[in-house]
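In what follows, a structure is listed as structure tokens, so that the remarks can point back to it.
The values are calculated or read from the model by the stated rules, or taken from the named source; none is laboratory data. If you're wondering where the values come from, they're calculated on a predicted model, not measured in any experiment. Every residue, glycine among them, receives a Cβ derived from its backbone with ideal geometry; neighbour counts consider all protein chains shown. Ligands, DNA and RNA are excluded from the accessible area calculation, which covers all protein heavy atoms including side chains. Shrake-Rupley method; radii C 1.70, N 1.55, O 1.52, S 1.80 Å.
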Amino acid sequence: MPLNLHVYTQLSQLKNGNGEPVQLVAVSKTKPLEDLLELYDAGHRDFGENYVQELAEKQQQMPADTKWHFLGHLQTNKVKHIAPFVYLIQSVDSFKLLQEINKQAIKNNRVINCLLQMHVAQEETKFGFSVNELNEILQLGKLNSLQNICIKGVMGMASFVDDAEQIHREFHYLYNTHLALQMLQKQGVCNNLSIDTISFGMSNDYKIAIKQYSNMIRIGSLLFGERDYSKK
Ligand SMILES: *Cc1c(COP(=O)(O)O)cnc(C)c1O
């Protein structure tokens, strides 16, 4: 299926329940470079990828001002491959990973922006922090030693269900976590918080997400068509 530019135009102009603009991240995993370039030529810059090697290859071939979002489960030994250029790592799910990102950021003489992935879905297979784990790293000031990371907010994925009420609840929970982080930032608990991004909503649930005040949606199949993993 070719890129759906009509859908793109609509998705790139959304506002959330607070009237804030919603940043669209085009999730291009498994898609060929020509699909990305078509969207780039339409003026889009924010792209999301899930696999380190695929991202590293595409980064070399896309224009230098492309903003790369990393969305997949990230192993610590692979951080070094994306650290030189990644714009936002959305899928940070452990303190160990934060430490490694900080280490690689220092090596590259930059600050790397991160979102903390929260586990809100019922599926055990999904990654992310629980609220208790999040409290632990924030309250103990453990983050303060990591001067080359900047925490911009939270990312989450709702359960894969048809129950809109449940999705609403899970997104609401993410929004509350976001507000709690903003409060901690105000209190000066950690000096590397700069909370302004709340990333939830995908092709099948973005409409609920923006009602629940998401300001970053990550859309793949609705833009590029269904993914075919067998071709990877
Ligand atoms: C693949 C993926 C998306 C996009 O999913 P679609 O349903 O195709 O829109 C968004 N976020 C994450 C973390 C993903 O892995």
Please report the net charge: other residues with Cβ closer than 12 Å to the Cβ of residue 222, K and R +1, D and E -1.
+1
Longest to shortest principal axis, alpha-carbon extents of region 47-114, angstrom:
31, 24, 17
So, how do all the Cα-to-Cα distances of the chain break down into 5 Å bins, in percent, from 0 on up?
1, 7, 14, 18, 20, 18, 13, 6, 2, 0
Unsatisfied cross-links (Cα-Cα over 25 Å) in the set 15/67; 126/207; 126/152; 29/126; 96/207; 103/142:
96/207
Rounded to 5, the percent of DSSP beta bridges in the chain classed as antiparallel
5
Checking a compactness column here: for region 101-163, what do you get for Rg(Cα) / (2.2 N^0.38 Å), N being the number of residues?
1.34
Solvent-accessible area per residue, Å², over region 1-121 with all protein chains present [probe radius 1.4 Å]
46
I need the peptides 184-196, 49-61 ranked by packing, meaning the mean over residues of other C-beta atoms within 10 angstrom, with the highest value on top.
49-61, 184-196
For region 62-184, the percent of accessible surface on carbon and sulfur atoms (probe 1.4 angstrom, ligands and nucleic acids excluded) is 51
Rg/Rh for region 85-223: what does it come to with C-alpha atoms and Rh from Kirkwood?
0.97
For the modelled label position 7 Å from the Cα of residue 229 along Cα-to-Cβ, which residues of region 22-40 have backbone nitrogen atoms closer than 15 Å?
29-31
Region 1-130 - Rg over Rh from alpha carbon coordinates, Kirkwood radius:
0.98
So if I average 1/r over every pair of distinct C-alpha atoms in region 1-58 and take the inverse, what Kirkwood radius in Å does that give?
12.5
